[in-house]
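Student: Structure in structure tokens, see below.
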Amino acid sequence: MSTIEKVQEDVLVEDQVGINNEIILYNDDVNTFDHVIDTLIRVCKHTAEQAEQCAILVHYKGKCTVKTGSFDELKPQCMQLLEAGLSAEIV
């Protein structure tokens, strides 16, 4: 006969209030890949590779999360994306 030991662990989960917002970038038929990539690098501080991957995801999937953070942090970035002619929103 063997003994089965059960271990119960308490896991601390810290809520990050206000950090769960995302900028979603949507596909359109107007902007070029280069414009989207350059804008993501400038506004969202993406690397060239990260911006290119986001542009590809937006093209093929229709949308992509390009930035996460607090609403107050994301609002000016989302506004800059919109001013550059991209389709984006904070969710």
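Taken together, the values in this text are just the output of simple stated rules run on the coordinates, not laboratory data. Keep in mind that what you see is a predicted model, and the values were worked out from it rather than measured. Every residue, glycine among them, receives a Cβ derived from its backbone with ideal geometry; neighbour counts consider all protein chains shown.
Student: Enumerate the calculated ³J(HN,Hα) couplings along region 27-41 in order (Karplus 6.51 cos²θ - 1.76 cosθ + 1.60, θ = phi - 60°), each rounded to whole Hz, writing x wherever the residue is Gly or Pro.
Tutor: 6, 9, 9, 10, 7, 7, 4, 4, 5, 4, 4, 4, 5, 5, 5
Student: What is the spin-label model distance, in nm, from THR47 to PHE33 if the labels are put 7 Å beyond Cα along the C-beta direction?
Tutor: Using points 7 Å along Cα→Cβ, the separation is 1.9 nm.
Student: Provide the three semi-axes, in whole Å and in decreasing order, of the ellipsoid equivalent to region 36-91 as defined by the square roots of 5 times the Cα gyration tensor eigenvalues.
Tutor: With the √(5λ) rule applied to region 36-91, the semi-axes are 17, 12, 11 Å.
Student: Suppose the chain between ASN20 and GLN80 were pulled fully straight at 0.36 nm per residue; how much longer would it get relative to their current alpha carbon spacing?
Tutor: Here the segment from ASN20 to GLN80 would lengthen by 19.6 nm.
Student: Sticking with the crude label model, points 7 Å out along Cα→Cβ, report the distance from LEU57 to ASP72 in nm, one decimal please.
Tutor: 2.7
Student: I would also like to ask the following. Please go through region 45-91 and write out the trypsin sites (Lys or Arg not before Pro) that DSSP classes as loop and that have at most 13 other C-beta atoms within 10 Å.
Tutor: Listed in order of number, the matching sites are LYS45.
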